[in-house]
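Chemist: There's a structure below that I have some questions on.
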Amino acid sequence: MRGVTARLMLLDTASLYFRAYFGVPESVKAPDGMPVNAVRGLLEFIDRLVKDHRPDRLVACMDADWRPQWRVDLIPSYKAHRVAEERASGPDEEEVPDTLSPQVPVIEAVLDALGIARVGVPGYEADDVIGTFTASADGPVDIVTGDRDLYQLVDDARERRVLYPLKGVGTLQITDETVLREKYGVDGAGYADLALLRGDPSDGLPGVPGVGEKTAAKLLAEYGDLAGIVAAAADPGTRLTPTQRRRITEAGPYLAVAPTVVRVALDVPLPDVDTALPHAPRDPEALDALAARWGLGGSLRRLVVTLGGG
């Protein structure tokens, strides 16, 4: 640790194990035949990330609630298409591949035995946990995610950047404000407004009809932020086209609530956890048992060596 200059790495854990699941062959199995491709792939991801970026602190952020009710209350379509159909009982669940679900508890047990902080908070998504850690961190923060929504946390002045996997985690797009301006025409603070204006079908966000990414960027460049755009729509003296003015006005109810849904929470009640990068397993015996039970082999051994400074 290096005091206030310590670098914090935040893992969007589900995003990474999904990538591992689809990037590592399902033929990678435990001795009993259960696929462990997501487990081993995630361990290899973490090994590479620690080797390449040398964080001082590391947190595996989890989805305690992937579709919080407070977001659904504001926009009922939020992630609605991901809800599994015809559930006979139990709460709504996100559809995941059948051979991935059994691997998630194994991932959690391995992270715990290693001593890597694992944080999920009831009523919040991993994005919100990441947002709160980012807001409260004293030093630089690296957010590792395949979710572009977290670009809203990029802040060069505070040394907040997103490491976006392009291929595995060996090829990462180091996303800072220069990258955001080149690709989207906005900085980190403007990305959430861009996202809610254009909408996102994968999250059930309708956006403003007829306003795509380029138009949203142009509107933000001219009027500053969402509030400025809404004010411009109400002012007949602005240069909005009649169609743009009508569409923005008609989308008023959506635009009134969308910022709360799209922007990550920055005030999640985080538990008191030790986020220091572990240099030795917290529970070596449990880790050995997990390694044998699930056939984690070289993937786990290499990570243990890397965490130890090897």
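The values are calculated or read from the model by the stated rules, or taken from the named source; none is laboratory data. Keep in mind that what you see is a predicted model, and the values were worked out from it rather than measured. No Cβ is skipped: glycine too gets one built from the backbone with ideal geometry, and neighbour counts run over all protein chains shown.
Chemist: Need pairs with beta-carbon distance below 8 Å; first residue within 17 Å of ASP127 (Cβ to Cβ) and in contact (Cβ under 8 Å) with a residue 24 or more places away in the chain and within the stretch 179-207, second aromatic (Phe, Trp, Tyr) and assigned to a loop (DSSP other than H, G, I, E, B); sequence gap 6+ or separate chains.
Modeler: ASP203/TYR78; GLY204/TYR78; LEU205/TYR78
Chemist: Pull up the stretch 104-127, narrow it to residues that are touching a Pro at 6+ places or on another chain (Cβ under 7 Å) and either outside any strand (DSSP E or B) or acidic (Asp, Glu) (or both), then point me to the one that is surrounded by the fewest Cβ atoms within 10 Å (Cβ to Cβ). Before you say what the answer is, go through the steps one by one.
Modeler: Taking the stretch 104-127 first, the residues touching a Pro at 6+ places or on another chain (Cβ under 7 Å) are 113-116, 119, 121, 123-125.
Filter once more, keeping what is either outside any strand (DSSP E or B) or acidic (Asp, Glu) (or both): 113-116, 121, 123-125.
Numbers: ALA113: 21, LEU114: 25, GLY115: 19, ILE116: 23, VAL121: 20, GLY123: 14, TYR124: 25, GLU125: 27.
Top of the filtered list is GLY123.
Chemist: Let me ask you something else. Against the condition in the same structural domain as ASN37 (by TED's automatic domain parsing), at pLDDT 95 or above and β-branched (Val, Ile, Thr), how does VAL273 come out, does it pass? Break it down stepwise before answering.
Modeler: On the way: in the same structural domain as ASN37 (by TED's automatic domain parsing): yes; at pLDDT 95 or above: yes; β-branched (Val, Ile, Thr): yes.
Here the answer is yes, as VAL273 does meet what is asked.
Chemist: Just give me the residues in the stretch 62-82 being among the basic types (Lys, Arg) and assigned to a loop (DSSP other than H, G, I, E, B), in sequence order. Break it down stepwise before answering.
Modeler: Filtering the stretch 62-82 down to residues among the basic types (Lys, Arg) leaves 67, 71, 79, 82.
Within the stretch 62-82, ARG67, LYS79 meet the criteria.
Chemist: I've got another one for you. Which fully enclosed helices (runs of 4 or more DSSP H) of the stretch 232-302 have 1 or more residues being of a type in the set (S, T, N, Q) and touching a residue at least 60 places away in the same chain (Cβ under 8 Å)?
Modeler: 252-262
Chemist: Further question on the same structure: Tell me, which strands (runs of 3 or more DSSP E) wholly within the stretch 136-219 include 3 or more residues that are within 15 Å of the chain's Cα centre (by Cα), surrounded by 18 or more Cβ atoms within 10 Å (Cβ to Cβ) and at pLDDT 95 or above? Before you say what the answer is, go through the steps one by one.
Modeler: Working: elements: 141-144, 160-167, 171-175.
The qualifying strands (runs of 3 or more DSSP E) are 141-144, 160-167.
So that you can scan it fast, the table gives a plain yes or no per residue for (1) touching an Asp or Glu at 6+ places or on another chain (Cβ under 8 Å); (2) under 17 Å from ARG7 (Cα atoms); (3) not aliphatic (A, V, I, L, M):
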residue: GLU159; (1), (2), (3): no, yes, yes
residue: ASP176; (1), (2), (3): yes, yes, yes
residue: LEU196; (1), (2), (3): no, no, no
residue: LEU205; (1), (2), (3): no, no, no
residue: GLY212; (1), (2), (3): no, no, yes
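Chemist: Surrounded by fewer than 24 Cβ atoms within 10 Å (Cβ to Cβ), of a type in the set (A, V, I, L, M, F, W, C), at pLDDT below 95 and part of a helix (DSSP H, G or I) - does that describe any residue in the stretch 22-42?
Modeler: Among the residues of the stretch 22-42, at least one is surrounded by fewer than 24 Cβ atoms within 10 Å (Cβ to Cβ), of a type in the set (A, V, I, L, M, F, W, C), at pLDDT below 95 and part of a helix (DSSP H, G or I), which makes the answer yes.
Chemist: Another question, then. Could you please find all residues in the stretch 45-61 being over 16 Å from PRO140 (Cα atoms) and either part of a loop (DSSP other than H, G, I, E, B) or within 16 Å of the chain's Cα centre (by Cα) (or both)? Walk me through how you get there before you give the answer.
Modeler: To start, the set of residues in the stretch 45-61 that are over 16 Å from PRO140 (Cα atoms) comprises 45-48, 51, 60-61.
Listed by number, the residues that qualify are PHE45, ILE46, ALA60, CYS61.
Chemist: Answer yes if at least one residue in the stretch 97-116 is over 30 Å from VAL28 (Cβ atoms) and small (Gly, Ala, Ser), and no otherwise. Walk me through how you get there before you give the answer.
Modeler: Just the residues of the stretch 97-116 that are over 30 Å from VAL28 (Cβ atoms), to begin with: none.
No, the stretch 97-116 has no match at all.
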